[in-house]
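The values are calculated or read from the model by the stated rules, or taken from the named source; none is laboratory data. What you are looking at is a predicted structure, and each value in this text was computed from that prediction instead of being measured. Every residue, glycine among them, receives a Cβ derived from its backbone with ideal geometry; neighbour counts consider all protein chains shown.
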Amino acid sequence: MRFSNQYQNLIYQPNYIHKNQKQEILDYLSTLHPIWEMRFSASNPPPADEPNRQLLRPVYWLGNWQFACLNYYHPPQGIQNRCVRAEDYPQVLQQIVFDIEHMVRQKFSPKDIPDKWHLNTCLVNFYGDQISETGARTDCARVGEHKDFEPGPVASVSFGEKAMFQFVKSAGKSSKSEVVLQQWLEDSSLQIFGGDKFKKQLFHRVQRVEDKGIVFKNLNTTKFETRRINFTFRYVPTEHVRPFDKLPDHLQADVKNYVTELSGKSEYWKEQL
Ligand SMILES: O=C(O)CCC(=O)C(=O)O
């Protein structure tokens, strides 16, 4: 059930990132201050009987920020006021993105690459253990099954401990989902998936992340010990990305605390307030 590269619209390339690039990326990451968002907000409360909850991990977004409480980009209906313009990629990531886009255009069928597709959005996920006030650790290094609704192929670059990534046929909450394909995503690897099967039909999830002693230092993830970092690059049509001050007032209010927190550490976000 491993990927190998026999599938259309699915690429896995180990050792894709050169070690100099990796170091440059880690140096850049040490300048960011990830935040830990809540899933819901005043304008977007949780469903009845469900408490609001923190996401399983700290995150940082580049290109545009999809705050969880704005519900993420989800065409055809959920396209307005979900993507807030964010910092550009640093040069090292932009070069990698150009290379990945080139690879996609060579290897994927044109029908699976939307018009104007380019990877203008990046979610940086930090995986590891949450550390409580008393020092107790909770392993939150996983992601439940979901789809990425941004159109076209999605590319993912991983660092640190390897992660068990699975494509599944979802059985909903009632029973166990069926694993269709799985792959360990290793340090410095690249994975790209697209097309109807991998984007539209199957769900994907990170089942677990190994714990063999890798710990990233200097990542500014307070009360959290990171052992894996994943960059997921996606495409959001630029007309659906708006500056913070163009969000409706109630949504600006929902994300204001996050933007304030970001602005304490980032020049870009300071200007957005
Ligand atoms: O960490 C990964 O490998 C996958 C992350 C993911 O599924 C997501 O960000 O949507």
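General remarks:
- Among residues of the stretch 109-146, those that are over 26 Å from Val97 (Cβ atoms) and outside any loop (DSSP other than H, G, I, E, B), counted: 8
- Residue ID - surrounded by the most Cβ atoms within 10 Å (Cβ to Cβ), chosen from residues in the stretch 209-230 that are more than 15 Å from the ligand (Cβ to nearest atom) and part of a strand (DSSP E or B): Phe224
- Residue match in the stretch 233-242 (condition: charged (D, E, K, R), free of Cβ contacts under 8 Å to residues at least 60 places away in the same chain and within 16 Å of the ligand (Cβ to nearest atom)): no
- Index of the failed condition, Ser170 passing every other in (1) modelled with pLDDT under 95; (2) under 22 Å from Phe216 (Cα atoms): (2)
- Taking the stretch 154-170 as the range and being within 8 Å of the ligand (Cβ to nearest atom) and aliphatic (A, V, I, L, M) as the test, the residues that pass are Val154, Ala163.
- Which listed residue is within 16 Å of the ligand (Cβ to nearest atom), not polar (S, T, N, Q) and not in a strand (DSSP E or B), from Tyr60, Tyr89, Tyr28, Tyr72: Tyr72
- Of the criteria (1) closer than 26 Å to Gln13 by Cβ; (2) outside any strand (DSSP E or B); (3) over 17 Å from the mean Cα position of the chain (by Cα), which one Lys199 fails: (3)
- Matching entry among Ala136, Ala42, Ala68 (being surrounded by 18 or more Cβ atoms within 10 Å (Cβ to Cβ) and either closer than 19 Å to Val236 by Cα or of a type outside the set (Phe, Trp, Tyr) (or both)): Ala68
- Boolean, Ser158 is among the polar types (S, T, N, Q) and in contact with a Ser or Thr (Cβ under 7 Å, 6 or more places away or on another chain): yes
- Condition met for Gly128 (more than 15 Å from the ligand (Cβ to nearest atom) and either of a type in the set (D, E, K, R) or within 28 Å of Asn218 (Cα to Cα) (or both)): no
- Search result, residues across the stretch 173-196 that are among the hydroxyl-bearing types (Ser, Thr, Tyr) and at pLDDT 95 or above: Ser188, Ser189
- Considering the conditions (1) on the phi > 0 side of the Ramachandran plot; (2) touching a residue at least 24 places away in the same chain (Cβ under 8 Å); (3) not aliphatic (A, V, I, L, M), Gln21 is excluded by exactly one of them, (1).
- Close contacts from the stretch 145-159, counting a first residue that is under 19 Å from Phe126 (Cα atoms) and a second that is near the ligand (Cβ under 10 Å from one of its atoms) and in a loop (DSSP other than H, G, I, E, B), with Cβ to Cβ under 7 Å and a gap of 6+ residues or different chains, come to Val154/Asp148.
- There is no residue in the stretch 245-259 that is among the polar types (S, T, N, Q) and within 16 Å of the ligand (Cβ to nearest atom).
- Residue within the stretch 188-207 that is more than 23 Å from His74 (Cβ to Cβ), of a type in the set (A, V, I, L, M, F, W, C), more than 14 Å from the ligand (Cβ to nearest atom) and crowded, with 16+ Cβ neighbours inside 10 Å present: no
- Unmet criterion (only one of (1) in contact with a Leu (Cβ under 7 Å, 6 or more places away or on another chain); (2) away from the ligand (no atom under 16 Å from the Cβ); (3) in contact (Cβ under 8 Å) with a residue 40 or more places away in the chain) for Lys107: (1)
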